[in-house]
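This report refers to the structure that appears directly beneath it.
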Amino acid sequence: GENVEQHPSTLSVQEGDSAVIKCTYSDSASNYFPWYKQELGKRPQLIIDIRSNVGEKKDQRIAVTLNKTAKHFSLHITETQPEDSAVYFCAASLNTGNQFYFGTGTSLTVIP
Amino acid sequence: GAVVSQHPSRVICKSGTSVKIECRSLDFQATTMFWYRQFPKKSLMLMATSNEGSKATYEQGVEKDKFLINHASLTLSTLTVTSAHPEDSSFYICSARAESSSYNEQFFGPGTRLTVL
């Protein structure tokens with residue numbers, strides 16, 4: 001089955017700086033890679049996603065890059081704000097079955 | 001947007017009892033729902049895929065007789081934790097895939113915190 005690894009597990013940045021979270025996956029057939037933000041005790045919220053036919057996607061301060069050859073993808077948050085503080089999860093999914101396999105999570109703290 | 005609810009949001013039960021958790025898609029139909037388990041400060045672990053009108057597909061290591069899943073309609077899936085024990089205490093989250101949306105998109109419920117005494 002799919003195995004998704006995520007680094008770092010914790011990340012602290014100063015407000016205004018950038019944050020980068022990296023994930024690797026094992027199954028080359030995975031073709032959809034969402035990123036979720038989860039605040040304590042709440043449901044995961046989709047913040048951005050990317051499909052395997054695209055190398056990069058950007059939405060305001062958030063961007064995701066995908067390297068299919070190396071089987072890794074990254075989340076980039078620029079101009080971080082305190083409200084960006086949360087746990088972020090990457091996931092990988094195959095078209096068939098559509099199950100999501102999540103990374104281990106990154107606890108991001110933005111220091112004002 | 002698509003809304004998924006879960007009930008109850010919190011449940012405390014005695015060891016040995018069974019607990020049922022409901023997952024509902026409120027404004028869309030979902031032939032496929034997913035159940036996850038999340039320990040404190042840990043990742044979401046996929047437990048099973050719930051298919052409307054057929055048996056659930058369980059991930060390796062998840063006991064199907066322990067975690068009973070029923071997907072009786074296009075808007076409701078239930079997870080029953082049978083003979084619960086303290087080690088079953090966890091945050092259980094469901095998600096649903098909308099038939100009309102992108103084939104990959106999933107919408108998550110708010111989760112159910114189960115505490116087994």
- Message: When the residues of the stretch B:97-112 are narrowed to those that are over 14 Å from residue A:46 (Cα atoms), within 18 Å of the chain's Cα centre (by Cα) and more than 8 Å from chain A (Cβ to nearest Cβ), which ends up modelled with the highest pLDDT?
- Response: B:112
- Query: When you look at residue A:30, is it crowded, with 16+ Cβ neighbours inside 10 Å, among the small types (Gly, Ala, Ser) and farther than 18 Å from residue B:42 by Cα, yes or no?
  - Reply: yes
- Selection status of residue B:24, charged (D, E, K, R), outside any loop (DSSP other than H, G, I, E, B) and in contact with a Gly (Cβ under 9 Å, 6 or more places away or on another chain): yes
- Item | Residues located in the stretch B:18-51, provided they are more than 14 Å from every other protein chain (Cβ to nearest Cβ) and modelled with pLDDT under 95 | B:27, B:28, B:29
- Item | Residue in the stretch A:73-112 that is nearest to residue B:46 (Cα to Cα), counting only those that are in contact with a helix residue (DSSP H, G or I) (Cβ under 7 Å, 6 or more places away or on another chain) and hydrophobic (A, V, I, L, M, F, W, C) | A:108
- Task: Return only the number of the condition from (1) surrounded by 16 or more Cβ atoms within 10 Å (Cβ to Cβ); (2) among the hydrophobic types (A, V, I, L, M, F, W, C); (3) in contact with a Ser or Thr (Cβ under 9 Å, 6 or more places away or on another chain) that residue B:3 does not satisfy.
- Result: (1)
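In the list A:2, A:79, which residue meets the criterion of being in a loop (DSSP other than H, G, I, E, B), away from chain B (no Cβ under 14 Å) and either within 30 Å of residue B:6 (Cα to Cα) or of a type in the set (Asp, Glu) (or both)? Break it down stepwise before answering.
On the way: A:2 fails: away from chain B (no Cβ under 14 Å).
It is A:79.
Would you be able to tell me the number of residues in the stretch B:55-68 that are within 14 Å of chain A (Cβ to nearest Cβ) and outside any loop (DSSP other than H, G, I, E, B)?
Going through the stretch B:55-68, the residues within 14 Å of chain A (Cβ to nearest Cβ) turn out to be B:56-62.
Now restrict to residues that are outside any loop (DSSP other than H, G, I, E, B): B:57-58.
Here the count works out to 2.
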- State all residues of the stretch A:33-43 that are in a loop (DSSP other than H, G, I, E, B) and either surrounded by 15 or more Cβ atoms within 10 Å (Cβ to Cβ) or of a type outside the set (A, V, I, L, M, F, W, C) (or both); if no residue qualifies, say none. A:39, A:41, A:42, A:43
- Message: Only one of B:31, B:78 is on the phi < 0 side of the Ramachandran plot, β-branched (Val, Ile, Thr) and surrounded by fewer than 18 Cβ atoms within 10 Å (Cβ to Cβ). Can you tell me which?
- Response: B:31
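Could you please find all residues in the stretch B:1-17 being touching a Gly at 6+ places or on another chain (Cβ under 8 Å) and either more than 11 Å from every other protein chain (Cβ to nearest Cβ) or within 20 Å of residue B:56 (Cβ to Cβ) (or both)?
Filtering the stretch B:1-17 for residues touching a Gly at 6+ places or on another chain (Cβ under 8 Å) gives B:4-6, B:9.
Once the filter is applied, which keeps residues that are touching a Gly at 6+ places or on another chain (Cβ under 8 Å) and either more than 11 Å from every other protein chain (Cβ to nearest Cβ) or within 20 Å of residue B:56 (Cβ to Cβ) (or both), the stretch B:1-17 yields B:4, B:5, B:6.
Among what's in the stretch A:55-98 and is among the β-branched types (Val, Ile, Thr) and loosely packed, with under 13 Cβ neighbours inside 10 Å, pick the residue that is nearest to residue B:56 (Cα to Cα).
Residues of the stretch A:55-98 among the β-branched types (Val, Ile, Thr): A:62, A:64-65, A:69, A:77-78, A:80, A:87, A:96.
Of the ones still in play, those that are also loosely packed, with under 13 Cβ neighbours inside 10 Å are A:69, A:96.
Values: A:69: 33, A:96: 15 Å.
The selected residue is A:96.
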- Message: Consider the stretch B:6-22. How many of its residues are crowded, with 18+ Cβ neighbours inside 10 Å and either within 24 Å of residue A:104 (Cα to Cα) or without any contact (Cβ under 8 Å) to a residue 24 or more places away in the chain (or both)?
- Response: 1
- Query: Which condition number does residue A:46 fail, the rest of (1) out of contact with any Phe, Trp or Tyr (no Cβ under 8 Å at 6 or more places or on another chain); (2) surrounded by fewer than 18 Cβ atoms within 10 Å (Cβ to Cβ) being met?
  - Reply: (1)
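The values are calculated or read from the model by the stated rules, or taken from the named source; none is laboratory data. In this text, all values refer to a predicted model and were calculated from it rather than measured experimentally. Every residue, glycine among them, receives a Cβ derived from its backbone with ideal geometry; neighbour counts consider all protein chains shown.
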